[in-house]
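Beneath this line is the structure, given in structure tokens, with notes to follow.
The values are calculated or read from the model by the stated rules, or taken from the named source; none is laboratory data. No experiment lies behind these values; they were computed from the predicted model shown. Positions of Cβ are generated from backbone atoms using ideal geometry, with glycine treated the same way; all protein chains shown enter the neighbour counts.
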Amino acid sequence: MRGVSPLFDPRRGGWLAGLVAAAMLGEIASPANAQGGGRSTQLESLLTRLADRAAIYETTALRFACEEQVDLVEYNSKETAKSQRVEMHDYLLAYTEQQGLQPYRALLKRDARSVSRKEVRPDYAVPEPYAWNLLFTRDRQGRFQFELLEAAVLEPSITWVLAFHPVLPYTDGNTVEQWGGRVWVDQDTLDVIQVEAEPANQAETVEARLAEYRESFSFLGLKTKPRPRARRIQVEFGIERDGLRLPSRSLATTRLLAGDGRDRLASSVVQRYRDYVFYGVEAQEQFDKLRTSNP
């Protein structure tokens, strides 16, 4: 979509300095607008409207299917790819009482005569991109502290930029409640345009692990403690369908940090989405058949 910033270069470094600065200076602090600590009337009103908009996305979550392409890359010490693979999936979301909203992925295999699907359950350790459309639902708002930072232009949209700070700790990375960062919201439609996030309390966690790494015992020039890792994700919502903004691509990167302040790219996961198809209530049987088919 024109105007949304391109996915950041996965090779971009300088993470350590940025992490430490964020921890020391409170990079996105704005107490006057902070939820729970004198939340402004403007923020209160905006969150109410965002909850109403998110409710529409909540009812739509089980009504679409699309195609997902996933590019997984591992990098060597020179930040060139040492292994790479591409996966193509039929993709949709399903709801279970035990786990809530969960993805269904079917690995596509085509030949000259047929197309077959086999369910797969990869763990990319990131939230499902569509889940960011549900960031502002009423039940989720209590799991974050929000700050209204500024207005910004992502052509052709004029957006509100909000910071979100999770209450829950980071565990496996698979839910939005474990991440904190910034979200760009269209001022007119209240749709999510872009998200940039890092694991909850990553700056403090990485700094503590770096201290342990620096102090760890060395044997034959090798540290006995593993190098700390830092993660980041960026999600873009560049597809417009039926009055909704849908995920177009997501990039997750992992960087290895060294005790001397250097860092390098270790891996990246890029997810791309296309060919969205929506199902009405009357097509639920066909939708369920697609979800449960496993030739």
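Worth a mention:
- Scanning the range 126-148 for residues that are surrounded by fewer than 16 Cβ atoms within 10 Å (Cβ to Cβ) and not charged (D, E, K, R) yields one hit, Gly142.
- Scanning the range 147-183 for residues that are part of a loop (DSSP other than H, G, I, E, B), farther than 23 Å from Ser45 by Cβ and in contact (Cβ under 8 Å) with a residue 12 or more places away in the chain yields Glu155, Pro156, Leu168, Pro169, Tyr170, Asp172, Gly173, Asn174, Thr175.
- Here Leu107 clears all of (1) out of contact with any Asp or Glu (no Cβ under 8 Å at 6 or more places or on another chain); (2) outside any loop (DSSP other than H, G, I, E, B); (3) modelled with pLDDT of 75 or more except the condition numbered (1).
- Subset of the range 82-104 (residues that are aromatic (Phe, Trp, Tyr), farther than 12 Å from Glu67 by Cα and at pLDDT 90 or above): none
- Taken together, the residues in the range 160-195 that are within 14 Å of the chain's Cα centre (by Cα), under 12 Å from Trp132 (Cα atoms) and charged (D, E, K, R) amount to 2.
- Selection within the range 150-166: residues that are at pLDDT 95 or above and surrounded by fewer than 20 Cβ atoms within 10 Å (Cβ to Cβ). The member of this set that is farthest from Gln102 (Cα to Cα) is Val161.
- Comparison of Arg113, Arg117 shows that the only residue that is more than 21 Å from Arg231 (Cβ to Cβ), among the basic types (Lys, Arg) and touching a Pro at 6+ places or on another chain (Cβ under 9 Å) is Arg117.
- Enumeration of residues in the range 110-145 that are among the acidic types (Asp, Glu) and either part of a strand (DSSP E or B) or under 18 Å from Asp71 (Cβ atoms) (or both): Glu119, Asp123, Glu128
- Any hit, the range 185-203, residues being of a type in the set (Asp, Glu), in a loop (DSSP other than H, G, I, E, B) and within 23 Å of Leu43 (Cβ to Cβ): yes
- Residue in the range 75-96 that is surrounded by fewer than 10 Cβ atoms within 10 Å (Cβ to Cβ), part of a strand (DSSP E or B), within 22 Å of the chain's Cα centre (by Cα) and free of Cβ contacts under 8 Å to residues at least 12 places away in the same chain present: yes
- Apart from one condition, Val115 fits all of (1) hydrophobic (A, V, I, L, M, F, W, C); (2) surrounded by 12 or more Cβ atoms within 10 Å (Cβ to Cβ); (3) modelled with pLDDT under 95; the exception is (2).
- Filter result (farther than 13 Å from Val185 by Cα and aromatic (Phe, Trp, Tyr)) within the range 135-145: Phe144
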